[in-house]
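**Student:** This structure is in structure tokens; I'll ask about it shortly.
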Amino acid sequence: MNKLAIAIVALPLACLGGGYATGMVLAPPATDSLAVSDSVTDEPAQRAADDTPHVQEDVSVGHLLAEDRTIIRLGQMTIPVEKANSVSYVVADFALKLESLEVAERYKRVEEATRLRDSLLTAMNLAAEGTVLRGVAIDSDELSALIRDLLSKDYEGVEDVLFVSLYKQDVARL
């Protein structure tokens, strides 16, 4: 009985340690940047055949976030876009460029930031019903303009909608 108890405990632990060590040896080295592919390329046929997520990340937005105090970051949202044969999941990390520092300070408050996030979610759901998010590649400029126009109706001082990152993954329906 004692040997059986040792085997039940020791064998999984040995496998766990071996698997971890093998993973550390075989895994590619970690880098500071994500693998980025532009989702607004001229190769939609290649993207349609590709099973990897569509990723767009604007490197300049990261510098703007650090330097410009009129830009506020609102976080990440996932929006499903239902199609006939698939569901696309669009994951967007938002930031807003505001007209002045005073407006930015006002929208950084929890209450206003929450209202902005709710409005962003509503705008993204409206975009999901239209053609902007239904194509093979997402036109980030068109999506940004659409969201900016929708937000400008209720929030003054919104100059631009920025995407820190923008991902799209199609999942086939069974």
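**Student:** Would you please list the contacts, defined by Cβ atoms under 9 Å and residues six or more apart or on different chains, that run from a residue in the stretch 94-106 that is more than 28 Å from I79 (Cβ to Cβ) to a residue that is open to solvent by 20 Å² or more (accessible area, probe 1.4 Å) and among the basic types (K, R)?
**Tutor:** L101/R69; E105/R69
**Student:** Could you list all residues from the stretch 78-88 that are in contact with a strand residue (DSSP E or B) (Cβ under 6 Å, 6 or more places away or on another chain) and either loosely packed, with under 15 Cβ neighbours inside 10 Å or under 19 Å from L116 (Cα atoms) (or both)?
**Tutor:** Hits for the stretch 78-88 are T78, I79, P80, S86, V87.
**Student:** Only one of these conditions is not met by I72: (1) farther than 15 Å from L162 by Cβ; (2) at pLDDT 90 or above; (3) β-branched (V, I, T). Which number is it?
**Tutor:** In the conditions (1) farther than 15 Å from L162 by Cβ; (2) at pLDDT 90 or above; (3) β-branched (V, I, T), I72 misses (1) alone.
**Student:** Now a separate question. Given (1) outside any helix (DSSP H, G or I); (2) more than 12 Å from A95 (Cβ to Cβ); (3) of a type outside the set (V, I, T), where does D149 come up short, assuming only one miss?
**Tutor:** Going through (1) outside any helix (DSSP H, G or I); (2) more than 12 Å from A95 (Cβ to Cβ); (3) of a type outside the set (V, I, T) one by one, D149 breaks only (1).
**Student:** Do you know which of the residues in the stretch 152-174 that are of a type in the set (S, T, N, Q) and within 17 Å of S140 (Cα to Cα) is least open to solvent (accessible area, probe 1.4 Å)?
**Tutor:** The residue in question is S165.
The values are calculated or read from the model by the stated rules, or taken from the named source; none is laboratory data. These figures come from a predicted structure and were not determined experimentally. Because the Cβ atoms are built from the backbone with ideal geometry, glycine has one as well, and the counts that use them run over all protein chains shown. Areas reflect the complete protein model, heavy atoms only, side chains present, ligands, DNA and RNA absent. Shrake-Rupley method; radii C 1.70, N 1.55, O 1.52, S 1.80 Å.
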